[in-house]
1. Cα atoms only: what Rg and Dmax, in Å, come out for the stretch 5-57?
2. In the stretch 58-113, carbon and sulfur make up what percent of the accessible area (probe 1.4 Å)?
3. When the chain is treated as a GNM, springs tying every alpha-carbon pair under 10 Å, which of Val78, Val48, Val12 comes out with the largest mean-square fluctuation?
4. Placing +1 on the Cβ of each Lys and Arg and -1 on the Cβ of each Asp and Glu in the chain, which of Gly26, Trp36, Asn83 has its Cα farthest towards the positive end of the resulting dipole?
5. Hey, which lysines would be in cross-link range of Lys64, C-alpha to C-alpha under 16 Å, not counting anything within fewer than 8 residues on its own chain?
6. Return the sequence-ordered ³J(HN,Hα) values of the stretch 73-89 in whole Hz as given by the Karplus equation 6.51 cos²θ - 1.76 cosθ + 1.60 applied to θ = phi - 60°, using x for Gly and Pro.
7. Limiting things to C-alpha atoms, what are the Rg and the maximum Cα-Cα separation (Dmax) for the stretch 45-107, in angstroms?
8. Within a Cβ distance under 14 Å of Arg19, other residues only, what is the Lys/Arg minus Asp/Glu net charge?
Amino acid sequence: QVQLVESGGGLVQAGGSLRLSCAASGSFFSINAMGWYRQAPGKQRELVATVTGGGSTNYAWSVKGRFTISRDNAKNTVYLQMNSLKPEDTAVYYCYCHAAQGVYWGQGTQVTVSS
């Protein structure tokens with residue numbers, strides 16, 4: 001079983017920055033990809049960014065150049081640095097990890113960007 005604990009959400013004005021963190025703990029053999037999805041009210045959950053164990057990254061086109069995903073493999077932690085935030089970035093952000101035994105999700109953290 002893998003537990004994911006997220007932190008770092010909150011309220012910020014447009015143009016501001018936030019940094020999300022997600023730490024994985026529990027019993028697992030290895031973690032492959034880690035990353036973030038988000039879900040805005042009335043919309044489907046969408047991919048934000050992912051990073052593999054080797055450091056390869058992938059971003060949604062809407063966040064490219066503004067968000068940066070990184071990972072500390074020794075701490076089993078993934079980060080999402082979000083800069084130049086826009087009101088349309090407002091959503092609940094969910095961390096996930098793809099471990100050897102399956103895919104796990106965090107509880108979600110609210111990010112609200114005011115105009």
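1. So, for the stretch 5-57, Rg and Dmax equal 13.7, 40 Å respectively.
2. Accessible surface attributable to carbon and sulfur in the stretch 58-113 totals 50 percent.
3. Judging by the Gaussian network model, the answer is Val12.
4. Asn83
5. Partners within reach: Lys86.
6. Going residue by residue, I get 5, 5, 9, 6, 10, 10, 10, 9, 8, 10, 10, 6, 5, 10, x, 6, 7 Hz, with x marking Gly and Pro.
7. Looking at the stretch 45-107, its Cα Rg and Dmax stand at 12.2, 36 Å.
8. Working: positive: Arg66, Arg71; negative: Glu6, Asp72, Asp89.
Around Arg19, the charge tally is -1.
The values are calculated or read from the model by the stated rules, or taken from the named source; none is laboratory data. Worth saying up front: this structure is predicted, and the values here are computed from it rather than measured. Positions of Cβ are generated from backbone atoms using ideal geometry, with glycine treated the same way; all protein chains shown enter the neighbour counts. The protein model used for the area step is the full one, side chains on, heavy atoms only, and it has no ligands, DNA or RNA in it. Shrake-Rupley method; radii C 1.70, N 1.55, O 1.52, S 1.80 Å.
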